[in-house]
Structures are given as structure tokens and as C-alpha cells.
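Just so it is clear, none of the values below were taken in a lab; they were calculated from the coordinates. These numbers come from a predicted model, not from an experiment. Neighbour counts are summed over all protein chains in view; Cβ atoms, including those assigned to glycine, are modelled from backbone coordinates with ideal geometry.
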Amino acid sequence: MYLFKDFHNCEVRLTFEPNECTSDPKHVWIVCRYLNRWLLTNHSTRGLEFPGGKVEEGERLTEAAEREVWEETGATIKSLHFIGQYEVRSDRTSFQKAIYFAEISSLTEKGTYLETDGPILLQELPANIRENDSFSFVMKDEVLPYTLKQIAKKQLI
């Protein structure tokens with residue numbers, strides 16, 4: 001288990017061990033690859049980030065992951081891998097997110113991408129994401145680097 005503070009100074013608990021995960025996360029975050037590039041979305045207020053969002057009533061985590069990726073990028077998932085989970089706690093609230101890695105099979109242009117401006121493909125993620133104003137705060141804590149290491153460890157990229 002990894003413990004640290006996020007961009008907003010909230011406590012974060014990150015785990016890649018299944019027995020340390022809560023059974024009921026209500027959010028998903030999906031790290032995506034398409035044609036050897038990173039697939040992100042451009043959130044209209046937060047900036048560049050991997051797709052994700054809330055799990056709807058009656059929806060399984062995997063269904064939420066597929067829906068969020070489609071809604072925010074127009075992408076269809078070829079394979080989806082559970083990576084881990086994290087919890088964010090503040091004085092006012094807490095929430096849990098399940099982390100997935102998705103290999104994308106196709107990308108379709110859509111008329112709307114809901115709260116995002118659609119897909120962004122990057123050959124590489126910049127080393128200076130934390131200092132880059134183009135990126136969302138979601139990308140600026142330790143969740144992303146630990147997750148990328150876990151994805152590499154599982155030999156998914």
C-alpha cells in the first residue's frame with residue numbers, strides 16, 4: 001500500500017493488491033493505449049487526463065470503464081485489465097476509484113464527448129506533467145507513476 005498526498009493535499013491510499021481493495025468503488029480511471037500511443041481526453045475544465053468517472057446505478061466496474069472511455073474519447077476497448085484501486089480522503093468526503101488498463105481497438109469520431117473535448121493521442125507522456133498546465137490535477141500525484149510501473153510490471157506495455 002502506498003500513502004501520499006494528492007494535488008489538493010488530500011490523503012491517498014493506493015494499492016495493487018486485490019486483498020487490500022474495497023469491494024465497492026464508485027469511480028473508475030482507465031489508462032488507455034491505442035496504436036502504441038497514450039489515449040487521453042481533454043476535460044473541458046481540468047485539462048488532459050485519462051478517461052474515467054462515476055459508476056452508474058446497477059453498472060459493473062468493467063461496464064463503467066467501457067462506457068466512460070466511449071463517452072469521453074469515442075474509443076472501443078479491445079482488452080481491459082484491472083490494475084488496482086485508490087482512495088482519496090479529505091475532511092469533507094472520500095471516494096474510491098478502480099484503476100484499469102485498456103488496449104483500444106478503434107477510435108470513432110463523435111459529435112459530442114460530454115464534459116470533454118474528445119480524444120488526445122500522445123506518443124509519450126511528458127516527464128514534467130506536474131508542472132504542465134495542460135494536464136489535469138488528476139495526473140499530478142503519485143497514482144499515475146505507480147500505475148505505469150504496475151502496468152509495465154504486468155507486461156501490458
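A crude spin-label estimate for the pair Glu109 and Asp91, with each label 7 Å from Cα along the Cβ direction, gives 4.9 nm. Legend: distances between Cα atoms for Lys54/Lys140; Lys110/Lys149; Lys97/Lys154; Lys78/Lys140; pairs beyond 30 Å are Lys110/Lys149.
Look at the alpha carbon pairs under 8 Å that are at least 6 residues apart: their mean separation over the length of the chain gives a relative contact order of 29 percent.
A crude spin-label estimate for the pair Trp70 and Phe7, with each label 7 Å from Cα along the Cβ direction, gives 2.8 nm.
If I model the chain as equal point scatterers sitting on the Cα atoms and use the Debye formula, what is log10 I(q)/I(0) at q = 0.09, 0.10 Å⁻¹? With no solvent term, the Cα-only Debye profile gives -0.26, -0.32. Among Glu49, Glu11, Glu103, the residue with the largest mean-square fluctuation in a Gaussian network model of the chain, with springs joining Cα atoms closer than 10 Å, is Glu11.
With both labels modelled 7 Å from their Cα along Cα-to-Cβ, the Asp117 to Gln155 distance reads 4.0 nm. Comparing Thr15, Thr93, Thr62 in a Gaussian network model of the chain, where Cα atoms under 10 Å apart are tied by springs, the biggest mean-square fluctuation is seen for Thr93. Can you compute the helix-only [θ] at 222 nm over the chain? Use -39500 (n - 2.57) per DSSP H run of at least 4 residues, normalise by all residues, nearest 500 deg cm²/dmol. My calculation for the chain gives -4500 deg cm²/dmol from helical runs alone. The loop-placed trypsin sites (Lys or Arg not before Pro) in region 33-104, going by DSSP, that have at most 15 neighbouring Cβ atoms within 10 Å of their Cβ come out as Arg46, Arg60, Arg92.
Comparing mean-square fluctuations of Glu109, Glu57, Glu142 from a GNM of the chain with C-alpha springs under 10 Å, the top value falls on Glu57.
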